[in-house]
Amino acid sequence: AIESTGTPIKEEVKSIFNGYNETEINKSKNPVETILTKIFNSSDNEYHADLASRLLNNSHILQSLSNTKLEYDEKLAGKGNYRAGLMRINSKKGEIRDINHLEETLLHEIIHGYTVDNLKSILRDNKVEDIPQEVIAAAKKIDTIRRGLLYSAKQNIVGFKDSLDRVEKFMNAESQNKPQLQPGDQLAYGLFSPWEFVTMATTNDKFRED
C-alpha cells in the first residue's frame, strides 16, 4: 500500500475537499470506484456525472486502478498528476477553484491512470504484443486527429507557438522548477501529447469548445 505523504489541507480550502476526504477514500476497497461513485451521486455537473457513470460501468478500468491511492499536496506543480498508482491533487489555495474543478481534476487523473501507459506503449514505444488490434487502431487514429489539430493551431492561432513553448517547458521541467502556465495555454496543453489530448478531450469543456 502507498502511504500518504501529502501536506495537511489548510482551513481556507478545506470546504472544497470535504466530500473527498483523503483518509476515508484510501481506506475504501477501491478508492477510484469510491471517487467515481461520489461524483456520480453528488455532482451538479451533468457531464461529470455521466462520465463517472461510464467509468463505473467499465470493470476493466476499475480493476486496473483498484490499488490507486489519493493524496493532496499543496506543493505539487500543476493541478494534479498520476504516477505509479498515486493520484496527487494540488491542495494549495487557488489551484482548485471549486467542487466542479475538483471533480474535473479527479476525472482527469483517473483517465490518465488508465490510458497513459497503453498510449505510450502503442505510440511511443511500439510495444503492442498484448494490446488488441482495435485498441491499437483507435490510438493511432486519435493521434492522427491530434496531429492535424496541432498543425492547424500552429498555422492559424496567433500566439499558439508561444503557448506550446511554455507547455513544453512545463512538461519537461523538474517538479519543483515548473514554470507557470497561463489560462490561454489550455489548448496547447491538450494538443501537446496523445495522452493529454485523450484526457482533456474527455474531461475539459473549454478544451472541447476550442
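Odds and ends about this structure:
- Residues of the stretch 23-59 classified as without any contact (Cβ under 8 Å) to a residue 12 or more places away in the chain and open to solvent by less than 20 Å² (accessible area, probe 1.4 Å), total: 1
- So residue 179, is it farther than 24 Å from residue 114 by Cα, touching a helix residue (DSSP H, G or I) at 6+ places or on another chain (Cβ under 7 Å) and surrounded by fewer than 20 Cβ atoms within 10 Å (Cβ to Cβ): yes
- From the options 86, 123, residue that is touching a strand residue (DSSP E or B) at 6+ places or on another chain (Cβ under 7 Å) and open to solvent by 20 Å² or more (accessible area, probe 1.4 Å): 86
- Among the residues of the stretch 157-210, those identified as aromatic (Phe, Trp, Tyr) and at pLDDT 85 or above are 160, 170, 189, 192, 195, 197.
- Residue among 146, 166, 208 that is farther than 25 Å from residue 65 by Cα and open to solvent by less than 40 Å² (accessible area, probe 1.4 Å): 146
- Residue within the stretch 44-65 that is touching a Gly at 6+ places or on another chain (Cβ under 7 Å) and hydrophobic (A, V, I, L, M, F, W, C) present: yes
- Qualifying residue in the stretch 68-80 (condition: within 18 Å of residue 204 (Cα to Cα), among the small types (Gly, Ala, Ser) and either out of contact with any strand residue (DSSP E or B) (no Cβ under 6 Å at 6 or more places or on another chain) or surrounded by fewer than 16 Cβ atoms within 10 Å (Cβ to Cβ) (or both)): yes
The values are calculated or read from the model by the stated rules, or taken from the named source; none is laboratory data. Since the model is a prediction, treat every value here as computed from it, not as a measurement. Note: ideal-geometry Cβ built from the backbone for every residue, glycine included; neighbour counts use all protein chains shown. The accessibility values were calculated without ligands, DNA or RNA, using every heavy atom of the protein model including side chains. Shrake-Rupley method; radii C 1.70, N 1.55, O 1.52, S 1.80 Å.
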